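Every number here is computed from the coordinates shown, using simple stated rules; none is lab data. Every value quoted in this text rests on a predicted model; they were computed, and no experiment measured them. Here the Cβ positions follow ideal geometry from the backbone for every residue, glycine too, while neighbour counts run over all protein chains shown.
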Number of protein chains: 2
Amino acid sequence: MTETHTFLDQLTSLLGEHGLVRKPDAMARYIRDWAGDTLGTPLAVARPANTEEVAEVVKRCYEQGIAMTPQGGHSGLVAGALPDANGQELVISLERLNSVRAIDPVNFTITVDAGCILENVKLAAFDHDCDFPLSLGAQGSCQIGGNIATNAGGLNVLRYGMMRELVLGLEVVLPDGRVWESLNALHKDNRGYDLQQLFLGSEGTLGIVTGAVLKLATRPTQNRTALLGLPSVQAVIDLYGLARRECCDLLTAFELIPRRCIELAIEATSELRDPMEDAYPWYVLMEVAATGPVDLGSMLEALLETGMARELVLDGALASSDTQSAQLWQFRESMLEGQRRRGEHLRTDISVPISAIPDFVARASEVVMAASPACEIIAYGHVGDGNLHFNILPPTTVADSDKKAHLHDLEELLFEVLDDFHGSISAEHGIGRTKQAPYLARLSPIEREMVSGVKALFDPKGLMNPGRILPAGPPQQAKAMINIP
Amino acid sequence: MTETHTFLDQLTSLLGEHGLVRKPDAMARYIRDWAGDTLGTPLAVARPANTEEVAEVVKRCYEQGIAMTPQGGHSGLVAGALPDANGQELVISLERLNSVRAIDPVNFTITVDAGCILENVKLAAFDHDCDFPLSLGAQGSCQIGGNIATNAGGLNVLRYGMMRELVLGLEVVLPDGRVWESLNALHKDNRGYDLQQLFLGSEGTLGIVTGAVLKLATRPTQNRTALLGLPSVQAVIDLYGLARRECCDLLTAFELIPRRCIELAIEATSELRDPMEDAYPWYVLMEVAATGPVDLGSMLEALLETGMARELVLDGALASSDTQSAQLWQFRESMLEGQRRRGEHLRTDISVPISAIPDFVARASEVVMAASPACEIIAYGHVGDGNLHFNILPPTTVADSDKKAHLHDLEELLFEVLDDFHGSISAEHGIGRTKQAPYLARLSPIEREMVSGVKALFDPKGLMNPGRILPAGPPQQAKAMINIP
């Protein structure tokens, strides 16, 4: 205990009074994320002000055997950035590393601290007629470092890719406190193994990203939004292929929305009204965006016409102004709020091949409804990525105390159906703690060896974000995957 | 010797008479690549017919301590896929694994054997109104496995990314002969570490890719090509930003070409004539392509007009038919032939930030010309990727026997300038053997540890494509990068 106190006192000397948070009430905001229901107890919260301070904190932790929890903007959904309840993990918050270091609009790159909030990076890019195209509900609070650690996705992946495709260079503090500086601003670089790929999506288990060079896109000068009513999921999938071709691959979003979500949205936001005269079983919220001289309005109208002629689209609302466009997007946002109001529910972020979506939705619905006839399925998602949020509201008849177990059972059934479709149990949220069991259950022995081997190579003591992705504790000691005969 | 004979006899039993090539004259075609000047002496050439045979060959090699050289379509430029001269490496050619396994145009994916020739994959995609957009000079002979091992780039990277961005799933034979099957066809998958990234660009040093799921694009229904004359490299860079915006990011190519290359092209192909009335110091060969209703012709004309008004463009030739477009592309192809005819020369494939291209070209030219006033610089490349082929023809006065050393000295000078611009010595060709020395010289100690650690994790005996990227011999034994205090 005295040893720990001494360690923390020394951290305070290093970081200053504002640099180390030790009082429980001041630590409260570091132990809650978007999911809202997951808490922890940190040893303390370090708030280093720059890369050197991060490195020094990490070095001391590694020497002393103190576990570390790197933390960004608390918008994770798998408890990846929250400390354990045992009071032994030092939270290392990147929130004070929040400068845009440089922007080069000719090279289409921006160099930022890991603690920069995504929205601020987007605004900085706008100032130079560029865009940083990652787009998430949490963009007002999530940080670039967290986006990198989780390989964030979001709404515009079908056009711009996930975070992995938007990162050119990294600065990383390795688990022993050494800094790997690789802030290249090169669009093409093919020198040996691409080491930065290891850190992208590693959820803070291999090191702490402190800075990054990000790829910018041109800033669209125009966009158009449409909400369409469709008869079936198959029609949605057929329309997707048509839309990519008829809209010159200028799609920035193509969201599947079931009727139930439109209703939830209307419940949640009083000013929303049914978007079309009739109700349809499925909707698509789509957007096209462009720089330069194309007539997006005519493009969408032509798509709608062809879609209706082929009986894929039954009706549609085309926004003809930014206000109308915002109104259509309001459905997407309010439906999330409507879901939230229903209390505890199963959230998933699975993926399957795009072509398998109709059969998967049908089969999964059948299996889930057979097991729990009074539950409510809310399946929406990013069609172009094959990424569905196949969520489940528990039956109102299930007692609050039984809801978690009930939903867990349904999740297991859902994941078994997913296995038949060669799907992924996590298309964007990552593994963290909450998806660890189904993740490990599906890893082949070879994959388990590879994952453990990489972890052991970088973090042999298992101190960096322990218990996320892999179980806590020192990983299988770093050794070759192969026993030399 | 007898042991080796027994081993090879057993391989013949396994693979059949056509499956193992042992006669020197029959092996000749496996020891030459595009560079043409690099030869080797294999122990033998194994031609397995499927993944299981590859796995069995690899397993036996690993048990017996036989070094392996995985080999694709012989289009490498860094001697990465050629055996050593010592007669001890077994070449494992993937040429018989050449089936398209499946195509799913709704999911925009194709599943192929690693030995499929790129052109055939493109043709298979065309049949389904899709495109596999990787585009290389060598596409008629290079194989998908080689494209993956080298993270191939090419002409369309600015629109579609490098091979890394086009691969969704892999099947890999690991160095001990176990098969890692991860042929996911998921556009989004965020389960823990992305292990396939390790194999992409690892140049066959971590395992042999035998199959892959590739991402398809829509097939463009129209394209337009233009060849423009410009006053300076700065004008080329300024035009690039303008072109991306004015052409809706529908650019598929934006190639920098110096006047000298136009002359070389005309020399090499008698039917080519100067493309414009006057000669200009720099040219841009650009192409836009689209599916759907956009007027690419007007788009290019408007760009040309704006470019001329801003004095970025001095003159331009717009192709108005496929034939004219092919004629413009003929300059790009013939200039390579023209270079080849000049005999031995320095080939590089460096990259710098796009914004640094003008200063880099000026500074590098100055340094090279100061050191060798009679040499000839031919710098062309893919502007949108910051990727230049800054090539050098040696002075005609240098004796043939001295040319290699002379060019080597110039390369070292060039790379030193490149270091000042934070550039890469290999933007697309990879490291192989020929770029190993300058690569290793520029690796930081941390990077060397990481690269060696990854190699040791997968291939502790150092038998898989030895001497490429890292020096031959067992890698530093697999152990944690960090010494546990």
Exercise for review: Alpha carbons only, please: Rg and Dmax for the range A:353-396, in angstrom.
Suggested key: 11.1, 34
Practice item. Just the ratio, please: alpha-carbon radius of gyration of the range A:100-218 over 2.2 N^0.38 Å, N its number of residues. Key: 0.97
**Study point:** Cα-derived Rg over Rh, computed across the range B:370-485 with Rh taken as Kirkwood radius
**Key:** 1.07
Check your understanding: How much length is gained on full extension from A:E412 to A:R363, taking 0.36 nm per residue of separation minus their Cα-Cα distance?
Key -> 16.2 nm
Review point. With contacts defined as alpha carbon pairs under 8 Å and 6 or more residues apart, what's the relative contact order of the range A:68-225 in percent?
Key: 25
Study note, to complete from the structure: Averaged over residues of B:238-244, the number of beta carbons from other chains lying within 10 Å of each residue's Cβ is 2
Check your understanding: To the nearest whole percent, what portion of all C-alpha pairs in the range B:42-106 is separated by more than 19 angstrom?
Key -> 38
Point to revise | Förster-model FRET efficiency, 45 Å R0, B:A472 and A:E119, C-beta, rounded to 0.05 | key: 0.35
Review point. Going highest first, how would you order A:433-442, A:347-356 by mean Cβ packing within 10 Å?
Key: A:347-356, A:433-442
Study note, to complete from the structure: Stretched fully, the stretch from B:D274 through B:D402 gains (0.36 nm per residue minus C-alpha distance, one decimal, in nm) 42.6 nm
Exercise for review: Would you compute, for the Cα atoms of the range B:83-137, the largest minus smallest coordinate along each principal axis and list the three values in descending order, in whole Å?
Suggested key: 49, 24, 14
Exercise for review: Quickly rank B:119-127, B:271-279, B:131-139 as a protection proxy: mean count of other C-beta atoms within 10 Å, highest first.
Suggested key: B:131-139, B:119-127, B:271-279
Study note, to complete from the structure: Among B:N98, B:V313, B:P474, the residue whose Cα sits farthest towards the positive end of the charge dipole of chain B, when +1 is placed on the Cβ of each Lys and Arg and -1 on the Cβ of each Asp and Glu, is B:P474
**Study point:** Per-residue mean of C-beta atoms belonging to partner chains within 10 Å, peptide A:448-461
**Key:** 5
Review point. Which FRET efficiency value, to the nearest 0.05, is calculated for B:L183 and A:D419 with the Förster distance at 25 angstrom and r the Cβ-Cβ distance?
Key: 0.95
Revision key, fill the gap. Rg/Rh over Cα atoms for the range A:374-423, Kirkwood Rh, comes to 1.04
**Study point:** Taking N as its residue count, the alpha carbon Rg of the protein assembly as shown over 2.2 N^0.38 Å
**Key:** 0.94
**Study point:** 10 Å Cβ neighbours from other chains, averaged over peptide B:418-426
**Key:** 3
Review point. Given charges of +1 on the Cβ of Lys and Arg and -1 on the Cβ of Asp and Glu, with all other atoms neutral, how large is the dipole of the range A:100-218 about its Cα centre, in debye to the nearest 20?
Key: 200
Check your understanding: Just from the alpha-carbon atoms, what are the Rg and Dmax of chain A in angstroms?
Key -> 23.4, 76
Revision key, fill the gap. Summing +1 per Lys or Arg and -1 per Asp or Glu among the other residues with Cβ less than 13 Å from B:G177's Cβ gives -2
**Study point:** Surface/4 of the Cα convex hull for the range A:350-436, nm²
**Key:** 5.6
Review point. Which of the trypsin sites (Lys or Arg not before Pro) found in the range A:292-341 are loop residues per DSSP with 13 or fewer other Cβ atoms within 10 Å of their Cβ?
Key: A:R310
Exercise for review: Give the percent of DSSP beta bridges with both residues in the range B:10-134 that are antiparallel, rounded to the nearest 5.
Suggested key: 45
Check your understanding: What is the calculated FRET efficiency for A:N86 to A:K59, with r their C-beta to C-beta distance and R₀ = 22 Å, to the nearest 0.05?
Key -> 0.45
Check your understanding: Over all pairs of distinct alpha carbons, what does the Kirkwood formula give as the hydrodynamic radius of the range B:294-371, in Å?
Key -> 16.2
Check your understanding: What is the range B:2-93's relative contact order, in percent, from Cα pairs under 8 angstrom and six or more apart in sequence?
Key -> 34
Point to revise | Electrostatic dipole magnitude of the range B:364-437 [Cβ: Lys, Arg +1; Asp, Glu -1; Cα centre; debye, to 20] | key: 260
Study note, to complete from the structure: Dividing the surface of the Cα convex hull of the range A:1-152 by four yields a projected area in nm² of 9.4
Exercise for review: Order these peptides, B:229-237, B:389-397, A:422-430, by their mean beta-carbon neighbour count within 10 angstrom, highest first.
Suggested key: A:422-430, B:229-237, B:389-397
Review point. With each run of n ≥ 4 DSSP H residues scored as -39500 (n - 2.57), what mean residue ellipticity at 222 nm is computed for the protein assembly as shown after dividing by its residue count and rounding to the nearest 500 deg cm²/dmol?
Key: -10500 deg cm²/dmol
Study note, to complete from the structure: Rg (one decimal) and Dmax (whole number) from the Cα set of the range B:222-341, in Å, equal 13.7, 43
Study note, to complete from the structure: Taking placed amide H atoms and a strict 5 Å upper bound, the residues 5 or more places from B:E89 or on another chain that come that close are B:L43, B:D84
